[in-house]
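A.B. asks: I am attaching a structure below and will ask some questions about it afterwards.
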DNA sequence: TCAAAAGTGTTATGAGTACACCCATGC
DNA sequence: GCATGGGTGTACTCATAACACTTTTGA
C-alpha cells in the first residue's frame, strides 16, 4: 500500500445462496450451515465468510462454500451486495451475495471451519436465519425464478443424460408449480441445445429417450445473440 | 467491535455510472470527473469514493455523487460489485457500482473533493478511464439498454410535463436508434401510467398534447405484479 | 389387460413490427 | 399555401397457453 486513509475500514464477506433439487426432491432446498461461533452461534446461516487478501469475490465464495459445506457449485453468479451499516452486530460488514445451484445427491456435505453442520433444508421449512440472510435468500429466489427458468440452468441439477420428463420435473421444483408437458417439450427443444443420445431408459414403463446438454452449441448460440430469456 | 480478525481488510468504495440525456442531446452522455489525486491523477473516472462508517451503500453513492459533481440523481440502482484483487493500484479496493440517470440541464455541475472538474461526455467519445471503470461503464450501459427501455425510466430525463414525441426522443437517445412513432405511442400508452394534462404546447407548429407521469398509478400497477419488462 | 409414463398437434389469443397518410398550426 | 411536426390504423408474424388422446412397456 502506497497510500493510506483515515477512515475505518469495513469488513467484506461473501455469502452463497445455493439451491439444490433432485429428481426425488419434493421441493427446492437451500444449503445452510449451523454457526459454530458468535454472533448467532447455533443459528442457521448461509455459508460464507471473509474475503482473502488476494482473491476475487468469485474465488472467495467458491472457497468458502467448499470449506464450510464441501460443496463445489456447478453454477454461481453474483446477486447483490448488502451493506446496511447495522446488518452485522460485529461492526461494519458488507457482504456480496451469490446465487448458486447444485445437485444435492452429487455432493457430500461436510462441516468445516466456523460451522457445526451443513444441511439441505426445503425452502418451505426454513428456520430463522442469522444476520439479514432471510432477505438475501428471498432476493435470490426471486432472481432464480424470474431470470433462469428457461435458461438451460435446470441442466446443472441433472446427471449428464436425462429424459425430458426429468428436466421438466426440475423446472417444476424450482418454479413451485406444474408445467404443461407438450408446451414444455416444444419450448425446450426449440432452444436447440439438447441432443438426443439415441439411447433410451425404461424404469419399468415405456422407455424414454435420453438427452444430453450440448454445451458447445449453447455457447455458440449465446455468441450469436440468441436469447433464452423467458418468464414463467 | 466486540470481535477482531487477523486478516487485512479491503477498502470498499462506490462508483456511480450516471447517464444523462436532454431533448437537445445528440446522444447519451456520461458524467465523469477528472481526478485531482493519485493514482490516475489527471485522468477521467467515475464519480465515487470510500464508504463512511455509518452509511449504507445507497447513501454513500448519493453522497459521493453530490460531493464530486453537485448532482443529485433522480434514479440510482445497484449494478454490480467489482472485486478483482488488482483493480486498484493502491491495494485491495472493492467497489460497488451504481447505475443512475439524470437530466443534465437540470443540474449544475460543480467540482468537489478529489476532483478537478465534473463533465458530461457523449458516450461515443469517452476518453480512457481510470481503474477498471471502462468495464463498469460497459456493463451499466448494457443493463440500461436491456432492462430499462420500456420501464418508464425515460421519465426521469424529462420535465414534469412533456409530449409523446419528446418521450420518444429520450428513448431513442438511450437506445441509440430510432423507433416507430405509432408503435411507440401505442406501447407507452398501453402501460397506462401517462396522464394527459389536457394542455397543449405549440412550438410554432401544430400543438402537441402534454402528458405527465402518474407515479401513484405506476406504483399501484407494480404491486399488482404488472410487468414493464421489454427488450429493444 | 391394465397401470403408468412417454409421446404428440391444433387452435386461440396477444404482442411486436412494419408500414403511409391526413391534420393543425405559424409563417 | 406550404413547411413542419402531430397524430392515427391495419395486416402479418410469432410466441404463448390451453387442451386430450394414443403408444409402449412390464407386471
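The values are calculated or read from the model by the stated rules, or taken from the named source; none is laboratory data. Just so it is clear, the structure is predicted and the values come from calculations on it, not from any experiment. Here the Cβ is made from the backbone with ideal geometry for all residues, glycine too, and neighbour counts use every protein chain on show.
A.B. asks: In segment A:179-191, how many are more than 10 Å from DNA strand C (Cβ to nearest atom) and either part of a strand (DSSP E or B) or loosely packed, with under 13 Cβ neighbours inside 10 Å (or both)?
C.D. replies: Let us first name the residues in segment A:179-191 that are more than 10 Å from DNA strand C (Cβ to nearest atom), namely A:179, A:187-188, A:190-191.
When the remaining residues are screened for being either part of a strand (DSSP E or B) or loosely packed, with under 13 Cβ neighbours inside 10 Å (or both), the result is A:190.
The qualifying residues number 1.
A.B. asks: Also, I was wondering about something else. Give segment A:12-38 a look and list any residue that's within 11 Å of chain B (Cβ to nearest Cβ) and modelled with pLDDT under 95, or say none. Show your work before the answer.
C.D. replies: Filtering segment A:12-38 for residues within 11 Å of chain B (Cβ to nearest Cβ) gives A:12-14, A:37-38.
Correct list: A:37, A:38.
A.B. asks: Something else: Which of the residues belonging to segment A:104-129 are surrounded by fewer than 18 Cβ atoms within 10 Å (Cβ to Cβ) and at pLDDT 90 or above?
C.D. replies: The answer is A:119, A:121, A:122, A:123, A:124, A:125, A:126, A:127, A:128.
A.B. asks: Give segment A:193-217 a look and list any residue that's loosely packed, with under 13 Cβ neighbours inside 10 Å and within 25 Å of the chain's Cα centre (by Cα), or say none.
C.D. replies: Selection gives A:215, A:216.
A.B. asks: Okay, next question. Residues B:73, B:118, B:140: which one is part of a loop (DSSP other than H, G, I, E, B), more than 14 Å from chain A (Cβ to nearest Cβ), closer than 23 Å to residue B:170 by Cβ and in contact (Cβ under 8 Å) with a residue 40 or more places away in the chain? Can you show your working first?
C.D. replies: On the way: B:118 fails: part of a loop (DSSP other than H, G, I, E, B); B:140 fails: part of a loop (DSSP other than H, G, I, E, B).
Every option except B:73 fails the conditions.
A.B. asks: So which residues in segment B:39-58 are within 12 Å of another protein chain (Cβ to nearest Cβ) and in a strand (DSSP E or B), if there are any at all?
C.D. replies: B:49, B:50
A.B. asks: Ok, one more. Does segment A:149-162 contain any residue that is within 14 Å of DNA strand C (Cβ to nearest atom), more than 14 Å from every other protein chain (Cβ to nearest Cβ), touching a residue at least 12 places away in the same chain (Cβ under 8 Å) and not in a loop (DSSP other than H, G, I, E, B)? Explain how you work it out, then say what you get.
C.D. replies: Here is the first cut: in segment A:149-162, the ones within 14 Å of DNA strand C (Cβ to nearest atom) are A:158, A:161-162.
With the extra rule that they be more than 14 Å from every other protein chain (Cβ to nearest Cβ), the set shrinks to A:158, A:161-162.
Checking the rest, the ones that are also touching a residue at least 12 places away in the same chain (Cβ under 8 Å) come to A:158, A:161-162.
Restricting the remaining residues to those that are not in a loop (DSSP other than H, G, I, E, B) gives A:161-162.
Within segment A:149-162, one or more residues are within 14 Å of DNA strand C (Cβ to nearest atom), more than 14 Å from every other protein chain (Cβ to nearest Cβ), touching a residue at least 12 places away in the same chain (Cβ under 8 Å) and not in a loop (DSSP other than H, G, I, E, B).
A.B. asks: Of the residues that make up segment B:159-180, is at least one out of contact with any helix residue (DSSP H, G or I) (no Cβ under 6 Å at 6 or more places or on another chain), at pLDDT 95 or above, within 12 Å of DNA strand D (Cβ to nearest atom) and over 21 Å from residue B:27 (Cβ atoms)?
C.D. replies: Within segment B:159-180, none of the residues are out of contact with any helix residue (DSSP H, G or I) (no Cβ under 6 Å at 6 or more places or on another chain), at pLDDT 95 or above, within 12 Å of DNA strand D (Cβ to nearest atom) and over 21 Å from residue B:27 (Cβ atoms).
A.B. asks: Please determine, by comparing only the residues of segment A:89-110 that are in a loop (DSSP other than H, G, I, E, B) and facing another protein chain (nearest Cβ under 10 Å), which one is nearest to residue A:51 (Cα to Cα). If you could, list the steps in order and put the result at the bottom.
C.D. replies: Our first condition is that a residue be in a loop (DSSP other than H, G, I, E, B); within segment A:89-110, this holds for A:89-92, A:103, A:107-110.
Now drop any that are not facing another protein chain (nearest Cβ under 10 Å), which leaves A:89-92.
Details: A:89: 18, A:90: 16, A:91: 16, A:92: 14 Å.
Checked segment A:89-110; the qualifying residue nearest to residue A:51 (Cα to Cα) is A:92.
A.B. asks: While we're looking at this one, here's another question. Report yes if some residue within segment A:130-137 is modelled with pLDDT of 90 or more, under 25 Å from residue A:18 (Cβ atoms) and within 16 Å of DNA strand D (Cβ to nearest atom); otherwise report no.
C.D. replies: Filtering segment A:130-137 down to residues modelled with pLDDT of 90 or more leaves A:130-137.
With the extra rule that they be under 25 Å from residue A:18 (Cβ atoms), the set shrinks to A:130-137.
If we keep only those that are within 16 Å of DNA strand D (Cβ to nearest atom) as well, we get none.
No, segment A:130-137 has no match at all.
A.B. asks: Evaluate segment B:186-209: report whether one residue or more is under 24 Å from residue B:107 (Cα atoms) and away from DNA strand D (no atom under 12 Å from the Cβ).
C.D. replies: No, that holds for no residue.
A.B. asks: Then there's this: Identify the single condition in (1) surrounded by 13 or more Cβ atoms within 10 Å (Cβ to Cβ); (2) within 16 Å of DNA strand C (Cβ to nearest atom); (3) more than 18 Å from residue A:100 (Cβ to Cβ) that residue A:176 does not satisfy, given that it satisfies every other one.
C.D. replies: (2)
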